[in-house]
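A.B. asks: The structure that follows is given in the form of structure tokens.
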Amino acid sequence: MASNFTHAIVRRPSHSVIDGIADFTDKGKPIYEKAMEQHDQYVEALKQAGLEVTVLPALEDYPDSVFVEDTAVITPKGAISDRPGAPTRREEAALMLPTLHEFFDDDQIKVITDPATLEGGDVMMVDDHYYVGHSQRTNDEGFRQFSGFLAEWGYTAEQVPVEHILHLKTGGTYVEDGNLLVCGEFKTKPAYHRGQFNLFEVPDEEAYGADCVRINDYVVMAKGYPRVKAQLQKWGYKIIEVEMTEFEKIDGSITCLSLRW
Ligand code: CIR
């Protein structure tokens, strides 16, 4: 099962995190010290959920580099190195590659190239099928290259239009066992093969809490979303809550802060 993870990669926030892209949020700039504390909490949560965590050093030239999820997609058969759509983030993928090579053989690593763009936040894995957001950050060519690599590994993929939010997973996440959280535009659009899922429609005021991550017996989620938490508990998961206020200010959420496998 895809939630049986053993490893994670994270990157420490840089001082420049205060200048991270905030296209969808208007809550002021992150406070660096607080972002560091929250990042510490996040790393502890991953460890508590059973992961060995590789912590990479901060990259001062890249304010958004703490959001490593956008640099690669890790599948059970190998890693796909992304090409972020945000021009200021493009180099982050190349800077992640040496670390991917520490864990994966050369033939287990594929690289998305120009003119494709694809960010990991737009990729939601449901067993052997991948939903890929068509967003401001991920284009048609990104989907074409990505789905081609997946096909070599025996996986299927389909595109999902993302209109009013940053990434596909900003609008909900799959927590395994058929359980899918959806919010915002995905409540009304026929984006997913709905009959296949137990859907929970996250109330608008808790939309930020819809991006969470299943790791082994746990779901790691942002603190302060009681209805999402209650639903996850109802589904039988143990919960670990992490304060995310500083990353929320720059459109980042729980899944964005790590690569997991
Ligand atoms: C950005 O706009 O790229 C960052 N400020 C936030 C990235 C969040 N990443 C994610 O959802 N996977």
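A.B. asks: Counting only residues that are within 14 Å of the ligand (Cβ to nearest atom) and out of contact with any Asp or Glu (no Cβ under 7 Å at 6 or more places or on another chain), which one in region 9-27 is nearest to Leu95 (Cα to Cα)?
C.D. replies: Arg11
A.B. asks: So which residues in region 237-253 are of a type outside the set (D, E, K, R), in a loop (DSSP other than H, G, I, E, B) and within 10 Å of the ligand (Cβ to nearest atom)?
C.D. replies: Ile250, Gly252, Ser253
A.B. asks: Oh, and also: Would you please name the residue that is surrounded by the most Cβ atoms within 10 Å (Cβ to Cβ), looking only at residues in region 13-72 that are over 30 Å from Asn216 (Cβ atoms) and free of Cβ contacts under 8 Å to residues at least 12 places away in the same chain?
C.D. replies: Per the stated criteria, the residue is Glu33.
A.B. asks: Okay, moving on. Of (1) in a helix (DSSP H, G or I); (2) within 21 Å of Ser65 (Cα to Cα); (3) among the hydrophobic types (A, V, I, L, M, F, W, C), Phe149 satisfies all except one. Which?
C.D. replies: Phe149 satisfies all of (1) in a helix (DSSP H, G or I); (2) within 21 Å of Ser65 (Cα to Cα); (3) among the hydrophobic types (A, V, I, L, M, F, W, C) except (2).
A.B. asks: Please enumerate the residues belonging to region 163-177 that are without any contact (Cβ under 8 Å) to a residue 60 or more places away in the chain, over 19 Å from Glu248 (Cα atoms) and either surrounded by 14 or more Cβ atoms within 10 Å (Cβ to Cβ) or in contact with a strand residue (DSSP E or B) (Cβ under 9 Å, 6 or more places away or on another chain) (or both).
C.D. replies: Tyr174, Asp177
A.B. asks: Please verify whether Val202 is touching a helix residue (DSSP H, G or I) at 6+ places or on another chain (Cβ under 8 Å) and under 29 Å from Gln108 (Cα atoms), treating the condition exactly as stated.
C.D. replies: Judged against the criteria, Val202 is not a match.
A.B. asks: Return the residue satisfying two criteria in turn: it lies in region 186-209 and is in contact (Cβ under 8 Å) with a residue 12 or more places away in the chain, out of contact with any strand residue (DSSP E or B) (no Cβ under 9 Å at 6 or more places or on another chain) and among the acidic types (Asp, Glu), and of such residues it is nearest to the ligand (Cβ to nearest atom).
C.D. replies: Residue satisfying both the conditions and the ranking: Glu206.
A.B. asks: Moving on. Out of the residues in region 178-236 that are assigned to a loop (DSSP other than H, G, I, E, B) and β-branched (Val, Ile, Thr), state the one that is surrounded by the most Cβ atoms within 10 Å (Cβ to Cβ).
C.D. replies: Ranking the qualifying residues of region 178-236, first place goes to Val202.
A.B. asks: Let me ask you something else. Could you say which residue among Cys212, Cys256 is within 24 Å of Lys29 (Cβ to Cβ), modelled with pLDDT of 95 or more and within 16 Å of the ligand (Cβ to nearest atom)?
C.D. replies: Just one listed residue meets the conditions, Cys256.
A.B. asks: Also, quick follow-up: What are the residue pairs meeting all of these: first residue in region 81-96, first residue at pLDDT 95 or above, second residue in a helix (DSSP H, G or I) and surrounded by fewer than 19 Cβ atoms within 10 Å (Cβ to Cβ), Cβ atoms under 7 Å, and 6 or more apart or on different chains?
C.D. replies: Filtered contacts from region 81-96: Ser81/Leu97.
A.B. asks: Pairs only if they're at least six apart or on different chains, beta carbon under 6 angstrom, first in region 128-141 and assigned to a helix (DSSP H, G or I), second not hydrophobic (A, V, I, L, M, F, W, C); list them, first residue then second.
C.D. replies: Note: pairs meeting the criteria are Glu141/Pro115.
The values are calculated or read from the model by the stated rules, or taken from the named source; none is laboratory data. The model shown is predicted, which means the values in this text are computed figures rather than measured ones. A quick note on method: Cβ atoms are made from the backbone with ideal geometry, for glycine too, and the neighbour counts reach across all protein chains shown.
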